[in-house]
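Coordinate-derived values only; no laboratory data. The shown structure was predicted, so the numbers you read here are calculated from the model rather than taken from an experiment.
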Amino acid sequence: PPFRWSGLKGPWFDNNLASLEVTPEGLKLWWDTGKLEHGDHLHPRLERVAGLTVAPRTARESARGPR
């Protein structure tokens, strides 16, 4: 692909919800997993597993094309 990844750990073997947001800072990605506190199945919460921001490519990088 025409981008590089770094700063991401894993693998995770539990169920995760992946999210992606396009922002001026770049693509923000994060993974959350469900957690129960005190066995309360009616009020689960999300806990962040990992997250990162992929910065947008500069005009110079875009002109070079994919590697």
**Prompt:** Between V49 and residues 5 or more places away or on another chain, which pairs have amide H atoms under 5 Å apart, with H built 1.01 Å from N, and which residues are they?
**Reply:** W31, D32, T33
**Prompt:** What is the gain in length, in nm to one decimal, between V22 and H38 on full extension, counting 0.36 nm per residue of separation less the C-alpha to C-alpha distance?
**Reply:** 2.2 nm
